[in-house]
Amino acid sequence: MPAISASAPAKIILFGEHAVVYGRPAIAVPVDQVKARAAIQAEPLARQGMVKIEAPDINLSSTLEQLSPGHPLRVTIENVLAALKVTTPPAFTLRVSSTIPLASGLGSGAAVSIAVIRAVSAFLGKPLADQQVSDLAYLTEKLYHGTPSGIDNTVITFARPVYFMAGKPIQTFPILRPFTIIIGDTGICSSTAQMVGDVRARWQADPAEFEAIFDSIGSITREARQAIEHGQLDDLGPMLDENQVLLQRLGISTPQLKRLIDAARQAGAAGAKLSGKGGGGNMIALADPQNAQSISTALYAAGAVRTIITQVRQP
Ligand code: PMV
């Protein structure tokens, strides 16, 4: 039997992070330059039910049962088997690899889960619909983050720009004119659960102030959607800058993020902000395609460990 494989892109949040946890909208887009991949080979000579997992990127080589019960790969595979009502699958080896940087806001965990869910369900001859894939990936996301909004599994499963509101059906929207984003990674790892928890503690201490900030972020996100839909790209830069000011008020920006954001603006970016959980991780800048490379160079000079230049466009 030939190997079956599936891949999933990374993602980046353009507008609305953190506020999305409190019911406001967010906009996220796929990032195709990096990917997670899952490949499955049948093992006809092994005993029924034998599942071997190889993930060399994280030095993992194990059977399913040897993994701890809460291991994300084990949970993901067991959830797929349960959803498909398969108790003893034909023996197989699953190989997982990913070029998506870990824990930096690019959705590496969700991308791995989605590639695995697609590969395992296809191998079992029961490929799942996108919404089912996304729902199953959400269950694994909960292991990582506790109370994820669901934005990562949604944008990565559907692999198209999304306007996301927790608990609401996915909304996509047309992108009239493509635009270029540069992602700059501070190289500093932060925990999503911790950052979301920190914001929650501050919100509990001053709900009126934080609700007002979330409202303002929600308004910018709605306006950004309109601007993207109508190709009014000149409006987007100032919106990124405004969103950044609000994220600073949430207390999640850091001097390193600020340094990269300032460097991007000085190198000609139309606007810039942190992206995702903050406390480290990534920032994004909006640029003309012609000066994307020089902004990337400026980001490295300001301490970025990695940059990705990506185009946001209609899939
Ligand atoms: O995974 P990141 O870094 O893109 O951040 C998650 C985005 C949050 O809004 C902070 C949390 C969430 O679950 O949406």
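Annotation for region 24-43: at least one member residue is open to solvent by 30 Å² or more (accessible area, probe 1.4 Å) and in contact with a Gly (Cβ under 8 Å, 6 or more places away or on another chain).
Within region 166-206, the set of residues being within 11 Å of the ligand (Cβ to nearest atom), farther than 15 Å from G105 by Cβ and either under 16 Å from the mean Cα position of the chain (by Cα) or surrounded by fewer than 15 Cβ atoms within 10 Å (Cβ to Cβ) (or both) comprises A166, G197.
Screening K277 with (1) among the basic types (K, R); (2) open to solvent by 10 Å² or more (accessible area, probe 1.4 Å); (3) within 23 Å of E229 (Cα to Cα) gives one miss only, at (3). Of the residues I4, I27, which single one is β-branched (V, I, T), touching a residue at least 12 places away in the same chain (Cβ under 8 Å) and within 16 Å of the ligand (Cβ to nearest atom)? Result of the check over I4, I27: I27. Considering region 44-125, the qualifying strands (runs of 3 or more DSSP E), each wholly inside and each with 2 or more residues that are in contact (Cβ under 8 Å) with a residue 12 or more places away in the chain, over 17 Å from the mean Cα position of the chain (by Cα) and buried (at least 18 other Cβ atoms within 10 Å of the Cβ), run over 51-55, 92-98.
Within the bounds of region 143-153, is there any residue that is surrounded by fewer than 24 Cβ atoms within 10 Å (Cβ to Cβ), near the ligand (Cβ under 10 Å from one of its atoms) and among the hydroxyl-bearing types (S, T, Y)? For region 143-153, residues surrounded by fewer than 24 Cβ atoms within 10 Å (Cβ to Cβ), near the ligand (Cβ under 10 Å from one of its atoms) and among the hydroxyl-bearing types (S, T, Y): present. Note on region 79-108: residues that are in contact with a Pro (Cβ under 9 Å, 6 or more places away or on another chain) and either more than 22 Å from H145 (Cα to Cα) or more than 16 Å from the ligand (Cβ to nearest atom) (or both) amount to 6. Is it the case, given these coordinates, that I13 is part of a strand (DSSP E or B), more than 16 Å from the ligand (Cβ to nearest atom) and open to solvent by less than 60 Å² (accessible area, probe 1.4 Å)? The answer is no for I13.
Only a single item in (1) more than 15 Å from the ligand (Cβ to nearest atom); (2) open to solvent by 50 Å² or more (accessible area, probe 1.4 Å) is not met by F158, and it is number (2).
The values are calculated or read from the model by the stated rules, or taken from the named source; none is laboratory data. Model, not experiment: these values are computed from the prediction. Every residue, glycine among them, receives a Cβ derived from its backbone with ideal geometry; neighbour counts consider all protein chains shown. Calculation scope for accessible area: heavy atoms of the full protein, side chains included, ligands and nucleic acids excluded. Shrake-Rupley method; radii C 1.70, N 1.55, O 1.52, S 1.80 Å.
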